[in-house]
Amino acid sequence: MTRNMRTRRLFAMLGVLALGIAALLTPSVGGLARGAAPETGVSFDGIGSFAVVDDAAPFDLDAFSIAAWVKMQHTSGSQVFVNRGTAGGLFTLYLFDGNVRMLVEYADEQYTHANIPAPPANRWVHYLGTYDGQQIHLYQDGELVGSTAAPGRIPESEAPLYLGALGPDTRVLDGQLEDIRIWDRALSADQAAEVARGDAAASLQEGLVAHWQSTNLDEKTWTGAFDGAPVAVYRQEGQVVIADQKYPGYRGIWFTLGQFREYGDKYSGGLGTYTANHVPIAIHVPEVEKTFFVYGGSRGGERYLLAMASYFDHRTGMVPQPTIVHDKQGIDDPHDNPSLTIDEHGHLWVFISGRGRSRPGFIYRSLEPYSTDAFERVYRGEFTYPQAWWVDGKGFFHLNTKYTRGRELYFETSEDGRTWNEPVKLAGMRGHYQVSNQFGERIITAFMRHPDGSVDRRTDLYYAETRDMGRTWQAVDGTPLELPLEDVKTPALVRNYEAEGRLVYINDTVLDADGHPVIFYVTSALYQPGPPGEPRYQTVARWDGEAWHFSEVTRTTHNYDVGSIHIEDDVWRVFAPAETGPQRWGTGGEVAIWRSEDQGKSWTKERDVTRDSPTNHHYVRRPVNAHDDFYAYWADGNPDELSPSYLYFANKKGDQVWRLPYTMDEESARPELLAR
């Protein structure tokens, strides 16, 4: 071997060694050099920040590609990178349930997605999803990692494009985005790798319809990276949000849980006044002669939840167009329904329920006293099943649920509704549902427990109260209670229904004329609908100062035939959808009144409130300080199939029922008095 040959071989070996060292020193994922990874991007706080492009025209595409560098602070929950449409609609590049997904709605209400396990947190990763009308492909750092068939085309829609969120304050990214691009074609595998590497190939400019880089963000305006590119509006948490949009009619949300058995779903139907754990939802204010109320509304009768607020004017007999307090951005779940309270100055406070840790709760305050014209958002946080009470001179006392170790009960207080004290756990026996009430400074609550965290085994009945804003708690007989309540045999126990093999569904709780608590609830044999759960009883538990007593009001056909109890001196009335309705085994039924004049010991049916209805009536609720002409409030709907859902109220006698106008052409209208 000559000297020149040896020299060339030495240099070749040194070159290979240098390349190897460089490869070791260059971070990579999936075999792709990470030199293109950004140092920083546009931040999203996981709470309320997002960017939006209202003009949908550039994104109504037969085929498309979406690319973005993503850095997540954590990989829990649901976080959206790029989205157009509601949940499960049009297209979304996002994190869900530990996977990054490229979702496409390839036909009306039909969608699918390609998936890849989420990466470790706090690391830049490049994602690119493509759709060509036949297949969804998902690339991570330039390599194909997931594909699925999806023959079709995204439906035509005017839905805006969101960056960093599903929609306003919904599934917000907790992290950063950089170099977001959208093409009107499906890129090839080679081009996907070029994008991830940061190549400047001319072919990558073909069909590029949108491009955003962090350097183009100027406060609220996120200019596109090329001339004529769509401009996004960027919003951060802390900016004032005013809700004042009206909706031309009263349309309740229809919902199905999707847990079907031989006799139908576990619960379903028109659930605008759902759940019994959202209290209060209606309040009569004598000073202005109005009954204010909230409900879960829908957009155009679709399965699309809107949190609504309105009032009935007892002087004029009219209702205005309701106000959309909060748009749930495609969520159709009435667990996110609102509740209501009113402070001593007359401001309405609407508490929009979240759902566990995946969807936050919100609080809105009316801009003017005793008005539903406009609301300002004042708080965002974790709470479900909101039960907020205003205590004059003290502030808010808010009972709610947090998904800590199951559905556990908490309370928190606030003087102004904007800044809240640390939540205090009230009960933690692996899960509970509660229904509370307020009498001056006295807050009472009744709840059941979920053995081993199972809501389908809910049982036992408990009662507790506080008279000093939660500083101390006591059982019904005055026995002090130490929080959190974790022993199933706590002095708060009213009745051990587990030993009797009975389930408990609490509807309402009030005080009698002597200030003794009364709890109204349903008991059943099984969580499933239909005959297997029989017998089911509408039941009253009443404390007489020394002991609890129990009586059965009537039989009912469904565990969720939720009603309410009214006590005025010696007359007790139950309004409940406990009579068999047109959908026999479905949620709800026909509404009737049962009456007792011996402190709930015995009950007789007083009258039918509804009859010959086309669909079942659901969740008959009791307004606070109920006016004789707005004494009970509920919604209807077919539990067996999607249907319109109307909202109703009835007078105390139950001989007059009004239906709120489903469609309104004017700013106000008169509810329809139904013929009997």
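The values are calculated or read from the model by the stated rules, or taken from the named source; none is laboratory data. Just so you know, these numbers come straight off a predicted model, no measurement behind them. Neighbour counts are summed over all protein chains in view; Cβ atoms, including those assigned to glycine, are modelled from backbone coordinates with ideal geometry. Ligands, DNA and RNA are stripped out before the accessible areas are found, and what is left, the full protein with its side chains, is counted by its heavy atoms. Shrake-Rupley method; radii C 1.70, N 1.55, O 1.52, S 1.80 Å.
Note that the range 71-79 has calculated 3J(HN,Hα) couplings of 10, 9, 5, 8, 10, 10, x, 10, 9 Hz, one per residue in order, obtained from phi through the Karplus relation 6.51 cos²θ - 1.76 cosθ + 1.60 (θ = phi - 60°); glycine and proline are x. Students often get this wrong: which residues of the range 334-370 have the backbone nitrogen under 18 Å from the point 7 angstrom along Cα-to-C-beta of Asp244? 347-350, 364-370, by backbone N distance to the label point.
Over the range 102-243, the ratio between the Cα radius of gyration and 2.2 N^0.38 Å evaluates to 1.11. Loop-located chymotrypsin sites (Phe, Trp or Tyr not before Pro) in the range 542-601 (DSSP state not H, G, I, E or B) with no more than 11 neighbouring Cβ atoms inside 10 Å do not occur.
Its Cα gyration tensor gives the range 255-343 an equivalent ellipsoid, and the semi-axes of that ellipsoid, as √(5λ) in whole Å with the largest first, are 28, 14, 12. Put simply, the amide H of Leu485, placed in the peptide plane, has neighbours under 5 Å in Ala427, Gly428, leaving out anything fewer than 5 places away on its chain. Whole-percent P(r), the range 184-237, all Cα pairs, 5 Å bins from 0: 4, 17, 23, 21, 17, 11, 6, 1.
Nonpolar atom fraction for the range 526-676, defined as the carbon and sulfur part of the 1.4 Å probe accessible area, stands at 41 percent.
For the range 377-461, applying the loop criterion from DSSP together with a ceiling of 16 other beta carbons within 10 Å to the GluC sites (Glu not before Pro) yields Glu415, Glu441.
List, in the order given, every pair from Lys71/Lys328; Lys246/Lys290; Lys266/Lys489; Lys605/Lys653; Lys290/Lys653; Lys328/Lys402 whose Cα-Cα distance in the structure shown is over 21 Å. In this structure, Lys71/Lys328; Lys266/Lys489 exceed 21 Å between Cα atoms.
Per-residue ellipticity at 222 nm from helix content only, as computed over the chain with -39500 (n - 2.57) for each DSSP H run of at least four residues, stands at -1500 deg cm²/dmol.
Sorted from greatest to least, the principal axis extents spanned by the alpha carbons of the chain come out as 116, 56, 52 Å. FRET efficiency for the Asp608 to Thr316 pair, using the beta carbon distance and R₀ = 22 Å, is estimated at 0.15.
A cut-off of 5 Å between modelled amide H atoms, ignoring neighbours fewer than 5 places along the same chain, links Ala475 with Leu481. The calculated FRET efficiency for Glu546 paired with Glu415, based on their beta-carbon distance and R0 = 41 Å, is about 0.60. Computed from the Kirkwood radius of its Cα pairs, the Stokes-Einstein diffusion coefficient for the range 154-216 at 37 °C and 0.692 mPa s stands at 237 µm²/s. Fully extending the segment from Arg584 to Glu422 would add 53.8 nm, taking 0.36 nm per residue of separation and subtracting the current Cα-Cα distance. Net charge dipole, the range 355-405: roughly 500 debye, given to the nearest 20, about the Cα centre with Cβ charges of +1 for Lys and Arg and -1 for Asp and Glu.
Computed on the Cα atoms alone, the convex hull of the range 56-104 gives a volume of 83 cubic angstrom per residue. Extending 7 Å from Cα along the Cβ direction at Ala57 and again at Asn99 yields two label points whose distance is 3.7 nm. Model label sites at Asp456 and Glu667, defined 7 Å from Cα along the beta-carbon direction, differ in position by 5.2 nm. Loop-located trypsin sites (Lys or Arg not before Pro) in the range 474-574 (DSSP state other than H, G, I, E, B) with a sparse environment of at most 12 neighbouring Cβ atoms within 10 Å: Lys489. With the convex hull of the Cα atoms taken as the outline of the range 165-296, the averaged projected area works out to 15.9 nm².
For the range 619-628, backbone phi angles converted through the Karplus equation (6.51, -1.76, 1.60; θ = phi - 60°) give residue-by-residue couplings of 6, 7, 10, 9, x, 6, 6, 3, 6, 4 Hz, Gly and Pro being listed as x. Residues in the range 483-497 near a label at Thr472, defined as backbone nitrogen under 18 Å from the 7 Å Cα→Cβ point? Residues passing the 18 Å test: 483-485, 491-492. If R0 equals 45 Å, the separation of the Cβ atoms of Asp487 and Glu368 corresponds to a calculated FRET efficiency of about 0.40. With all protein chains in place and a 1.4 Å probe, the accessible surface of the range 118-209 carries 43 percent carbon and sulfur. Note that the range 596-648, at 4 °C in a medium of 1.567 mPa s, gets a Stokes-Einstein diffusion coefficient of 97 µm²/s from its Kirkwood radius over C-alpha pairs.
Per residue, the solvent-accessible area of the range 332-488 (1.4 Å probe, heavy atoms of protein chains only, all protein chains present) comes to 34 Å².
Summarising the amide proton neighbourhood of Thr587: residues at separation of 5 or more, or on other chains, whose placed amide H is nearer than 5 Å comprise Ser268.
In a reduced charge model with +1 at each Lys and Arg Cβ and -1 at each Asp and Glu Cβ, the chain shows a dipole moment near 2100 debye about its Cα centre. Accessible surface of the range 269-418, 1.4 Å probe: 42 percent of it comes from carbon and sulfur atoms.
When the P(r) is computed for the range 364-409, the part past 12 Å accounts for 72% of the Cα-Cα pairs. Counting Cα-Cα pairs of the range 427-467 in 5 Å increments starting at 0 gives whole-percent bin shares of 6, 24, 28, 17, 13, 8, 4, 0. Computed over the range 523-624, the P(r) tail beyond 16 angstrom holds 57 percent of alpha carbon pairs. Whole-Hz Karplus values for the range 483-499 come out as 9, x, 6, 10, 8, 4, 9, 3, x, 6, 5, 8, 7, 8, 7, 4, 5 Hz, taken residue by residue from phi with 6.51 cos²θ - 1.76 cosθ + 1.60 and θ = phi - 60°; glycine and proline positions read x.
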